[in-house]
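Worksheet: one structure, shown below.
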Amino acid sequence: MPKFIADKMLGRLAKWLRFMGFDVIEAKREGDEDLHVLALQEERVILTRDRILAQAIASDCSLLIPHESLDDQIRFVVHALEISAESVSEQILTRCSSCNTLLVARHLSEVEERVPDYPRRHKSRFWECSTCHRVFWEGTHYDRIQKVIRGLL
Ligand SMILES: [Zn+2]
């Protein structure tokens, strides 16, 4: 699966791609040159809203995102990189949306005090980030991603 560097204007897209299981780091705006080197070293695709940056970097490692809306941005990335809906389905909720760390499956009893009442009573699967200790479950984000994926089929 492709790995990404997202520019500062694409923070929400970065978060959602992580929900979908992709490895996404955020660009600290060093120089375009440094970003290009990092992309090549780590084999990452640079996602950017900046036309000048995209033009400065070879198109094989950058993708100019022409859309404002999040759903359109997600669809654009998935189509442009020919990512299959099946492969996304398999890796939803495997990565922390905040810090990009892989998630660990947890029993409710291990994370109970950090789960609100509703998911505690109605959800059965939980995951924890071992870096920032956020807890995830199949909630509204999960449903929205499933909807976007279904729309791609
Ligand atoms: Zn985290």
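Select from the stretch 76-153 those GluC sites (Glu not before Pro) which occupy a DSSP coil region and have at most 12 other Cβ atoms within 10 Å, ordered by residue number.
Here the GluC sites (Glu not before Pro) that fit, given the DSSP loop and packing criteria, are 82.
Using a Gaussian network model of the chain whose springs link C-alpha atoms within less than 10 Å, name the residue from 24, 37, 78 with the highest mean-square fluctuation.
Of the options given, 37 has the highest mean-square fluctuation.
I'd like the accessible area for residue 142: 1.4 Å probe, protein heavy atoms, all chains in place, Å² to the nearest 10.
The value for residue 142 is about 50 Å².
Give me the dipole magnitude in Debye, nearest 20, for the stretch 30-146 about the Cα centre, with unit charges on the beta carbon: positive for Lys and Arg, negative for Asp and Glu.
600 debye
If you roll a 1.4 Å probe over the heavy atoms of the protein chains, what accessible area per residue do you get for the chain, in Å²?
56 Å²
What FRET efficiency do you get for residue 42 and residue 79 if R0 is 35 Å and r is their Cβ-Cβ distance, rounded to the nearest 0.05?
It comes to 0.90.
How big, on average over all directions, is the shadow cast by the Cα convex hull of the chain, in nm²?
Computing the convex hull of the Cα atoms and averaging its projections yields 9.4 nm².
Explain nothing, just compute: Karplus ³J(HN,Hα) = 6.51 cos²θ - 1.76 cosθ + 1.60, θ = phi - 60°, for every residue of the stretch 76-83 in order, whole Hz, x for Gly and Pro.
Listing the rounded values in order: 4, 5, 4, 5, 4, 9, 6, 8 Hz.
Please turn the phi angles of the stretch 126-134 into ³J(HN,Hα) values with the Karplus equation 6.51 cos²θ - 1.76 cosθ + 1.60 (θ = phi - 60°), one per residue in order, whole Hz, x for glycine and proline.
Karplus values, whole Hz, x for Gly and Pro: 9, 9, 10, 7, 6, 8, 9, 6, 5.
Report residue 9's accessible area, 1.4 Å probe, all protein chains in place, as a number in Å² to the nearest 10.
Number for this one is 140 Å².
Of all DSSP beta bridges located in the stretch 1-84, what percent are antiparallel, nearest 5?
0 percent
Once phi is turned into ³J(HN,Hα) by the Karplus curve 6.51 cos²θ - 1.76 cosθ + 1.60 with θ = phi - 60°, what whole-Hz value does each residue of the stretch 52-68 show in order, with x for glycine and proline?
Once θ is set to phi - 60°, the couplings for the stretch 52-68 become 5, 4, 4, 5, 6, 10, 3, 5, 6, 10, 9, 9, 7, 9, x, 9, 8 Hz.
What part of the accessible area of the stretch 1-84, given as a whole %, is carbon or sulfur when the probe is 1.4 angstrom?
49 percent
Lysines near residue 147 by alpha-carbon distance under 24 Å, same-chain residues fewer than 8 away left out - which ones?
Straight-distance partners of residue 147: 3, 15, 123.
What are the residues whose amide H is under 5 Å from the amide H of residue 102, where those residues sit 5 or more places off or on another chain and H is modelled from the backbone?
Under 5 Å from the amide H of residue 102: 96.
Counting DSSP beta bridges with both partners in the chain, what percentage is antiparallel, nearest 5?
Of the beta bridges lying entirely in the chain, close to 45 percent run antiparallel.
Spin-label point model (7 Å from Cα, Cβ direction): what's the residue 140 to residue 87 distance in nm?
In this crude spin-label approximation the distance works out to 3.1 nm.
So if each residue of separation counts as 0.36 nm, and I subtract the Cα-Cα distance between residue 55 and residue 102, what length gain in nm does that give?
Value of the extension gain: 13.7 nm.
The values are calculated or read from the model by the stated rules, or taken from the named source; none is laboratory data. Only a predicted model underlies this, so the values are computations on that prediction, with no experimental measurement involved. All Cβ positions, even for glycine, are placed from backbone atoms using ideal geometry, and neighbour counts span all protein chains on display. Note: accessible area is taken over every heavy atom of the protein model, side chains too, but ligands, DNA and RNA are not part of it. Shrake-Rupley method; radii C 1.70, N 1.55, O 1.52, S 1.80 Å.
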